[in-house]
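Okay, structure first, notes after.
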Amino acid sequence: MFNKKVLSKGCVDFIDDTKIEALIKDTPEDAAKVREIIRKSLDKKPLSVEETAYLIKAESPELTEEIFEAARKLKRDVYGNRIVLFAPLYIGNYCINDCKYCAFRRSLRSTVRKTLNEKEVVDQVQALEDHGHKRLILVFGEHPDYSAEFIADTVRKVYSVKHGKGEIRRVNINAAPLDHEGYKIVKDSGIGTYQIFQETYHHETYRKNHPEETHKGDYLWRLDGLSRAFEAGCDDMGIGALFGLYDWRFEVLSLITHSLYLQEKYNVGPHTISFPRLRPAHGIDFDDKYLVNDYDFKRLVAILRLAVPYTGLILTARETAEVRREVMQFGVSQIDAGTRLELGGYSEDKKAEQELKREQFSIGDVRSLDEVMNELIKDGYIPSFCTSCYRLGRTGEHFMEYAIPGFINRFCTPNALLTLSEYLEDYASDQTKVEGYKLIEAEISRIDEEKIVNKLQERLNRIKKGERDLYF
Ligand code: SF4
């Protein structure tokens, strides 16, 4: 797949297991220090690894509640009440790797293998557009068939599908690490975020789960993956870890280390962080030693929120509807909805049971997009399909201007309301439409700048008259 593996300039393995283990072991529970660190977070300043360790070691119910409350507040201050929606679209599940926790691992012969052909990609995207989606993440196994050219062609195909009033306006990628040349090819197809999860940053655990002779067995090639993407001109990066493989505290401190490393080296941190938890999967028995319980899961989301104020946090349908509803308040900014993981599943009638032989793992939240939209609106969130920053070049370090006070009121909330109204006009159930327009009215009444209200009203009226894709 790669003639010669060229790493990024000055590439180093920045994960020091001994240092991180020592931070977990030696950092004391210190209430005064924790409160000082919370003040720094609420001032929207990113935390160091050492400061994050203090939040992790704060285990008393009182301090944990203070961390939860601070995360709720920071979420409101930086992201308002918007939740950005997307859907995953699996393109191909052939894979040359043999990851111990994955139903797509090469040695699992009973997994149903498939690569969507062009017509099937169009069918899936049409079905997703008919549900109301505007943002997708395309997912690929690691295989010579899924080259940079193949990924780029698939991205262009997805953008070319316009069904009724539907279109996909942002395509993100979750695929294997590429070389510099490969990232350039994919970048030129117009992708948004390139996502690579290290799965586990703990070297020994990584070796145990990723056979050395497989491509994914190369820890440093993967760890360096997004550095090469930056150097190749990609703007937005997504990092993540698969929680349950090793100590969640080690993974959180490693995610922060990775985030600060990218910030230091490329002057911009990750666009998003994901924190999927191990889920039952076809043909997979996993060790439950490090499984993360719901309480610690809430803690890790709240701690990540406080540690990286401006990085989007993605909570997927791996989690049940109940857990998602509970955890979202602690700083989640993006969720998927109406998710199907079976390859080709979006254009099929919904079956009662998930077909695990066709999925990478089982999902916990199988509700439709409209059901999720309805609950979000009732819980006071603004469901958003906004893609304006990406399409207006407010990406990478430019995205950081996001922090400017008033940016949310001037751009994010109005854009979220515009994309919501499109959904209500074209795809919503009657009940969601009624609830949605009530929310839009309430949100408009909260905007204090008359100029913005007038411009927003004017655009909402044009959407009611049939225009689409209006944004600030
Ligand atoms: S986790 Fe990814 S790389 Fe590993 S076996 Fe599954 S699809 Fe392949």
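Can Leu136 be described as surrounded by 21 or more Cβ atoms within 10 Å (Cβ to Cβ), closer than 29 Å to Leu245 by Cα and more than 16 Å from the ligand (Cβ to nearest atom)? Yes, satisfied.
For every residue, the table says whether it meets (1) assigned by TED's automatic domain parsing to the domain that holds Phe140; (2) more than 25 Å from the chain's Cα centre (by Cα); (3) touching a residue at least 60 places away in the same chain (Cβ under 8 Å).
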residue: Ile38; (1), (2), (3): no, no, yes
residue: Lys45; (1), (2), (3): no, no, yes
residue: Ser48; (1), (2), (3): no, no, yes
residue: Glu66; (1), (2), (3): no, yes, no
residue: Gly92; (1), (2), (3): yes, no, yes
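I'd like the full set of residues that are surrounded by 22 or more Cβ atoms within 10 Å (Cβ to Cβ), in a helix (DSSP H, G or I) and in contact with a His (Cβ under 8 Å, 6 or more places away or on another chain), limited to region 224-249. Arg228, the sole residue that qualifies. Among residues of region 122-137 that are more than 21 Å from Ala175 (Cα to Cα), those with a beta-carbon under 7 Å from a residue that is of a type in the set (D, E, K, R) and open to solvent by 10 Å² or more (accessible area, probe 1.4 Å) at least six positions away or on a different chain give the pairs Glu129/Glu167; Gly132/Asp426. Exactly one residue among Ser110, Ser60 is open to solvent by 10 Å² or more (accessible area, probe 1.4 Å), over 30 Å from Asp130 (Cβ atoms), away from the ligand (no atom under 16 Å from the Cβ) and polar (S, T, N, Q), and that residue is Ser60.
Let's see how each residue does on (1) in contact with a Phe, Trp or Tyr (Cβ under 9 Å, 6 or more places away or on another chain); (2) within 13 Å of the ligand (Cβ to nearest atom); (3) assigned to a strand (DSSP E or B); (4) over 23 Å from Ile335 (Cα atoms):
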| residue | (1), (2), (3), (4) |
| --- | --- |
| Val78 | yes, no, no, no |
| Ile83 | yes, no, yes, no |
| Leu89 | yes, no, yes, no |
| Glu120 | no, no, no, yes |
| Ala127 | yes, no, no, no |
| Asp130 | yes, no, no, no |
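Kindly indicate whether any position in region 293-303 is under 17 Å from Asp17 (Cα atoms), in the same structural domain as Lys187 (by TED's automatic domain parsing), open to solvent by 10 Å² or more (accessible area, probe 1.4 Å) and not hydrophobic (A, V, I, L, M, F, W, C). No. Screening Arg279 with (1) out of contact with any Leu (no Cβ under 9 Å at 6 or more places or on another chain); (2) more than 30 Å from Lys357 (Cβ to Cβ); (3) of a type outside the set (S, T, N, Q) gives one miss only, at (2). Give me the residue from region 177-214 that is in contact (Cβ under 8 Å) with a residue 60 or more places away in the chain and within 17 Å of the chain's Cα centre (by Cα) and, out of that set, nearest to Asp145 (Cα to Cα). So the residue we want is Gln195. One residue is enough: does region 224-246 have a residue meeting the conditions of a type in the set (Val, Ile, Thr), more than 16 Å from the ligand (Cβ to nearest atom) and within 17 Å of the chain's Cα centre (by Cα)? No: region 224-246 contains no residue that is of a type in the set (Val, Ile, Thr), more than 16 Å from the ligand (Cβ to nearest atom) and within 17 Å of the chain's Cα centre (by Cα).
Looking only at residues of region 159-185 that are β-branched (Val, Ile, Thr) and surrounded by fewer than 22 Cβ atoms within 10 Å (Cβ to Cβ), we find that the one that is farthest from Leu89 (Cα to Cα) is Ile185.
The values are calculated or read from the model by the stated rules, or taken from the named source; none is laboratory data. Owing to the predicted nature of the structure, the values given are computational and were not obtained by experimental measurement. We place every Cβ from the backbone using ideal geometry, glycine too, and count neighbours over all the protein chains shown. Heavy atoms of the whole protein, side chains included, go into the accessibility calculation; ligands, DNA and RNA do not. Shrake-Rupley method; radii C 1.70, N 1.55, O 1.52, S 1.80 Å.
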